[in-house]
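Below is one structure, written out as structure tokens; comments come after it.
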């Protein structure tokens, strides 16, 4: 194991979050089995009191899970110099077979944790705990995924060996490499750009329509999910190349470096925030007819939609600035 402070911090965070979620999941199981708001029994009163405690503690744990995604990538970038062949986080994550699976799990858990926080916020504003069963069932699913992530992360860091020779990002994201990474990196730049801006325009227009008419919330959420996926593919296929001003450099991690003004952190943060809050609009739209939430959901949906549109606007504006200001002329090769 590499005993780096950032590595130890990640492991400690995973242990703490895992412990909190396991305890909360035990209580969630009891709530799913025994919850009955019409009952005045001592057991029901105890469950109601614990609901407040669990919601508060789990909210902090979910927030920590969201932050851990960025801490994980930052740590991989920080320790890449310990491994021969690694030039950035891409090589560090390739040191053994657990690095990239952990990254994908963290991305998924970040998204799900964000949605749970949205559900929890809505439920806490309802006078009759309208979503208590739903959010606790969702909590059980997230707990399983977070524990799986924690185990794989421990294996990843625990099996690290400094003498291992890994691959650099130039190899992992080259045209000679096989797999989804290479396929996405070498999509047609022209069609990647067109697809991104068309999807961004459709998402923005749908968001404005939702704010105006309070309709098409589900469609807006679907567009937000699609835009998130297309934008991630776009980072590999054209945005990264414009950042590095090199048609053959498609690494999604080097842009996190100081020499590129840490632009990757802004891109990824705005993209994930836009995707989570935009998807949240459609998720809570499923419960808008519940009596105790009829006055709560419309205003909260408006704030989520505004935040999502603003976040995607930041991503699209920064992407446009990168493309326009770059010395690379990639479109002619698409």
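The values are calculated or read from the model by the stated rules, or taken from the named source; none is laboratory data. Just so we're clear, the structure is a prediction, and the values are computed from it rather than from any experiment. For neighbour counting, all protein chains shown are included, and Cβ atoms are generated from backbone atoms with ideal geometry for every residue, glycine included.
Reported count of residues in the stretch 1-25, each being exposed (fewer than 12 other Cβ atoms within 10 Å of the Cβ) and farther than 16 Å from residue 149 by Cβ, is 2. Is at least one residue of the stretch 208-220 in the same structural domain as residue 187 (by TED's automatic domain parsing), surrounded by 15 or more Cβ atoms within 10 Å (Cβ to Cβ), under 19 Å from the mean Cα position of the chain (by Cα) and not in a helix (DSSP H, G or I)? No, the stretch 208-220 contains no residue that is in the same structural domain as residue 187 (by TED's automatic domain parsing), surrounded by 15 or more Cβ atoms within 10 Å (Cβ to Cβ), under 19 Å from the mean Cα position of the chain (by Cα) and not in a helix (DSSP H, G or I). For the stretch 58-74, the criterion of being over 18 Å from the mean Cα position of the chain (by Cα), part of a helix (DSSP H, G or I) and crowded, with 16+ Cβ neighbours inside 10 Å is satisfied by no residue at all. May I ask you to verify whether residue 162 is surrounded by fewer than 18 Cβ atoms within 10 Å (Cβ to Cβ) and either more than 16 Å from residue 28 (Cβ to Cβ) or in contact (Cβ under 8 Å) with a residue 40 or more places away in the chain (or both)? Considered against the rule, which asks whether it is surrounded by fewer than 18 Cβ atoms within 10 Å (Cβ to Cβ) and either more than 16 Å from residue 28 (Cβ to Cβ) or in contact (Cβ under 8 Å) with a residue 40 or more places away in the chain (or both), residue 162 comes out as yes. Within the stretch 245-283, the set of residues being in a helix (DSSP H, G or I), surrounded by fewer than 19 Cβ atoms within 10 Å (Cβ to Cβ) and free of Cβ contacts under 8 Å to residues at least 24 places away in the same chain comprises 258, 259, 260.
Each residue in the stretch 34-49 was checked for being within 20 Å of residue 292 (Cβ to Cβ) and either surrounded by 12 or more Cβ atoms within 10 Å (Cβ to Cβ) or touching a residue at least 40 places away in the same chain (Cβ under 8 Å) (or both), and 6 of them qualify. Of 231, 226, all but one fail to be under 27 Å from residue 168 (Cβ atoms), outside any loop (DSSP other than H, G, I, E, B) and out of contact with any strand residue (DSSP E or B) (no Cβ under 8 Å at 6 or more places or on another chain); the exception is 231.
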